[in-house]
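Working notes for the structure below.
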Amino acid sequence: MRLENRELNGHLLGDNGYPNLPYLLTPILNPGNRGEQRYNISHKTTRNTVERLFGVLKRRFPAPHYGIRFSPRRSATVIAAACVLYNYGVDLHDVGVLDDFIPDIIPVHNLRIGNATEAERQALIQNHFM
């Protein structure tokens, strides 16, 4: 994966079912300071927005919901086309109502993470949320 190899700059957001990795940011189970609390709020808000949009795309373009029977490359093209059509609908003010129900983050378990990965997350919190 290009993120694992640091070929791409950026992060993915995951829930507590995933370990915190250098490229995959997860919520902090027990935030100990204001910066960690702000990080969790920002994480949850951003993740919920993305999940709501995925829900809208699945309703408007059901192929991804029922399964796309193409190669991964072709599937990515189909999904990108759905996003373009959705944005075109936004420009024409023809967008359905967003689904308001997104469940709260529920910790599945507390996975141990490496010190280097935790140090990276703490640096991100220090630089952007304190």
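Of all the numbered requirements in (1) under 19 Å from the mean Cα position of the chain (by Cα); (2) modelled with pLDDT under 80; (3) in a helix (DSSP H, G or I), residue 90 misses one, and that requirement is (1). For region 1-42, a residue qualifies if it is among the aliphatic types (A, V, I, L, M) and part of a loop (DSSP other than H, G, I, E, B), and the qualifying residues are 1, 3, 8, 28, 29. Hey, can you tell me all the residues within region 64-78 that are over 19 Å from residue 88 (Cα atoms), at pLDDT below 80 and either surrounded by 14 or more Cβ atoms within 10 Å (Cβ to Cβ) or touching a Leu at 6+ places or on another chain (Cβ under 6 Å) (or both)? Scanning region 64-78 gives a single hit, 68. Scoring residue 46 on the criteria (1) of a type in the set (Val, Ile, Thr); (2) in contact with a strand residue (DSSP E or B) (Cβ under 9 Å, 6 or more places away or on another chain); (3) surrounded by 15 or more Cβ atoms within 10 Å (Cβ to Cβ) leaves a single failure, condition (3). Could we say that residue 38 is surrounded by 15 or more Cβ atoms within 10 Å (Cβ to Cβ) and among the charged types (D, E, K, R) here? Yes: the conditions hold for residue 38. Among the candidates 57, 53, the residue that is in a helix (DSSP H, G or I) and farther than 30 Å from residue 117 by Cα is uniquely 57.
Residue pairs whose Cβ atoms lie under 6 Å apart, separated by 6 or more positions or on different chains, with the first residue in region 61-74 and among the β-branched types (Val, Ile, Thr) and the second modelled with pLDDT of 70 or more and assigned to a helix (DSSP H, G or I), are 68/75; 68/78.
For residue 61, state whether it is surrounded by 15 or more Cβ atoms within 10 Å (Cβ to Cβ), of a type in the set (Phe, Trp, Tyr) and more than 19 Å from the chain's Cα centre (by Cα). Taking the combined requirement at face value, the residue satisfies it.
The values are calculated or read from the model by the stated rules, or taken from the named source; none is laboratory data. The model shown is predicted, which means the values in this text are computed figures rather than measured ones. Counting neighbours? That spans all protein chains shown, and the Cβs are built from the backbone with ideal geometry, glycine included.
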